[in-house]
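> Structure incoming, see below.
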Amino acid sequence: MQRSGWKRLMAVTLGSSMGLMAPTGGALAIESCVASLKQQAISSGVRPEIAERMLKGASFDEKVIRFSTSQPEYKTEIWDYMAFLVDAERIKDGNKNLKKHRNTLSAIEKRYGVNRHVVLAVWGIESDYGQFKGDFYTPHALANLVCAGKRRQKYFRGELIKTLQIASRGDVPVSDFQGSWAGAFGQTQFMPSTYNSLAVDFDGDGRKDLVNSVPDALASTANFLKNAGWRDSRPWGYEVKVPSGYSGPSGLKKRAALSTWGQRGFKKIGGGNLSGKTEAALIRPAGANGPAFLVTRNFNALRSYNASTSYGLAIALLSELVSGGEPFVTPWPTSNPGLSRAQRLELQKLLNKNGFDVGEADGKVGPATRAGIRKAEAKYGMPVTGRPSWNVYNALGGK
Ligand code: CA
């Protein structure tokens, strides 16, 4: 444990009624905080044996605290983000799951009025269709955020109690709370408070199990999107051609009817006129030289799942591609595009093969891989960025 982490931990504990406790180590400090959380959970109706089991062994986790406080080391370019999240593998797996869960998705679409391809895309991006649920046991991660975190402790305390209540009611098994450092869990990564207001039991077994039941997870996601304003009567938006020299309204807050955008000289990229009263806003996430989109309130519903334009576009694009639609036409404004997951894995193998040791190739680009990339970039006389880019991949022999 790092010294700064230890000091922070002690400060939190000493701030409570245990001011005279001897500083015998971080483990003891978090244990006493966890013990008081356990009592609070029990007073909030959590069965004692459930509180005991879920908080047992909760110890200081430097990684949770680091994730909760640090800014990302690298700003991810939107073309890296999109290449990684919307790759051929995720489209193929999406098509497979579309067939496999056809009946469920059809029933969900009917009940909630949310297009099946959109629900499927959220599932694909959030957990790779249930294959990846997160690296953390969320009760322990949340306990760390409360006991050793620096911000929003009250919020995380509430999320922890709700997590224990969900298990105590028997909705999700105690051992199945795998998720994010922030406490989101299940196949479509719900925070416990979101779970409480919007999760549904769609397979009718009496439990809202967003971890083990695909129908429950997908219906809950549809319910979330419906609640956030998704309506199947309108599209998420369109890729558009911006009239040359355009300097009029832009940005998510400047809405106008599609017909107004048509009058301003905008055209759908795929052909067809912009008409009708549906309101839309112009976004150009990579600036004036990249693709442009007119997005409706459905796009805002996607963004409410994760407040980022890149995220919204990844869901929108994946939903188009799994429904047989076309990719975006305007290229991202870069001569050095991003890599798919398969290419990232291959990049690591190529780095190892060429003597830039990055450890075991697992497709995840972490500090070791970035260091290897920087060495390769330096050797090949390229700008040294540490970015998993097409140019360094290609220089190493990747195709
Ligand atoms: Ca159920």
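The values are calculated or read from the model by the stated rules, or taken from the named source; none is laboratory data. For clarity, every value in this text was computed on a predicted model and none was experimentally measured. Backbone-built Cβ (ideal geometry, glycine too); neighbour counts: all protein chains shown.
> How about region 134-159: which of its residues are assigned to a loop (DSSP other than H, G, I, E, B) and surrounded by 23 or more Cβ atoms within 10 Å (Cβ to Cβ)?
So the first thing to find is which residues in region 134-159 are assigned to a loop (DSSP other than H, G, I, E, B), and the list is 134-135, 148-152.
Matches in region 134-159: A148 only.
> Can you tell me which residue among T76, T104 is outside the structural domain of S175 (by TED's automatic domain parsing), on the phi < 0 side of the Ramachandran plot and in contact with a Leu (Cβ under 7 Å, 6 or more places away or on another chain)?
On the way: T76 fails: in contact with a Leu (Cβ under 7 Å, 6 or more places away or on another chain).
Matching residue, one of T76, T104: T104.
Conditions tested, residue by residue: (1) in a loop (DSSP other than H, G, I, E, B); (2) buried (at least 18 other Cβ atoms within 10 Å of the Cβ); (3) near the ligand (Cβ under 10 Å from one of its atoms).
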| site | (1), (2), (3) |
| --- | --- |
| I161 | no, yes, no |
| L164 | no, yes, no |
| W181 | yes, yes, no |
| F202 | yes, yes, yes |
| N212 | yes, no, yes |
| D216 | no, yes, yes |
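> With respect to G271, is the statement that it is part of a loop (DSSP other than H, G, I, E, B) and exposed (fewer than 15 other Cβ atoms within 10 Å of the Cβ) true? Spell out the reasoning first.
Working: part of a loop (DSSP other than H, G, I, E, B): yes; exposed (fewer than 15 other Cβ atoms within 10 Å of the Cβ): yes.
Spelling it out, G271 is indeed part of a loop (DSSP other than H, G, I, E, B) and exposed (fewer than 15 other Cβ atoms within 10 Å of the Cβ).
> Quick check: is even one residue across region 345-362 β-branched (V, I, T), touching a helix residue (DSSP H, G or I) at 6+ places or on another chain (Cβ under 6 Å) and more than 22 Å from R90 (Cβ to Cβ)?
Of all residues in region 345-362, those β-branched (V, I, T) come to 358.
If we keep only those that are touching a helix residue (DSSP H, G or I) at 6+ places or on another chain (Cβ under 6 Å) too, we end up with 358.
Add one more test, that the residue is more than 22 Å from R90 (Cβ to Cβ), and what stays is 358.
Yes; the residues of region 345-362 include at least one that is β-branched (V, I, T), touching a helix residue (DSSP H, G or I) at 6+ places or on another chain (Cβ under 6 Å) and more than 22 Å from R90 (Cβ to Cβ).
> Any idea which of R157, R207 is out of contact with any Phe, Trp or Tyr (no Cβ under 8 Å at 6 or more places or on another chain), within 16 Å of the ligand (Cβ to nearest atom) and not polar (S, T, N, Q)?
On the way: R157 fails: within 16 Å of the ligand (Cβ to nearest atom).
None of the other options fit; the residue is R207.
> Among the residues of region 40-61, write down those that are surrounded by 13 or more Cβ atoms within 10 Å (Cβ to Cβ) and without any contact (Cβ under 8 Å) to a residue 24 or more places away in the chain.
Kept after step one, since they are surrounded by 13 or more Cβ atoms within 10 Å (Cβ to Cβ), are these residues of region 40-61: 40-42, 44, 46-47, 50-55, 58-61.
Result: I42, E52.
> Does any residue of region 257-268 turn out to be within 25 Å of S106 (Cβ to Cβ), away from the ligand (no atom under 15 Å from the Cβ) and part of a loop (DSSP other than H, G, I, E, B)?
As a first pass, look at region 257-268 and keep what is within 25 Å of S106 (Cβ to Cβ): none.
Within region 257-268 (the criterion being within 25 Å of S106 (Cβ to Cβ), away from the ligand (no atom under 15 Å from the Cβ) and part of a loop (DSSP other than H, G, I, E, B)), the answer is no, since none of the residues qualifies.
> I've got another one for you. Which of the residues that make up region 86-133 are in a helix (DSSP H, G or I) and polar (S, T, N, Q)? First the steps, then the outcome.
First pass over region 86-133, keeping only residues in a helix (DSSP H, G or I): 88-100, 102-112, 116-127.
Selection gives N95, N97, N103, T104, S106, S127.
> Hey, could you check region 132-146 for residues that are on the phi < 0 side of the Ramachandran plot and at pLDDT below 95 and say which is farthest from the chain's Cα centre (by Cα)?
Per the stated criteria, the residue is D135.
> Turning to a different aspect of this structure: For residues in region 183-200 being under 28 Å from G149 (Cβ atoms), within 16 Å of the ligand (Cβ to nearest atom) and part of a loop (DSSP other than H, G, I, E, B), which is modelled with the highest pLDDT?
Per the stated criteria, the residue is A199.
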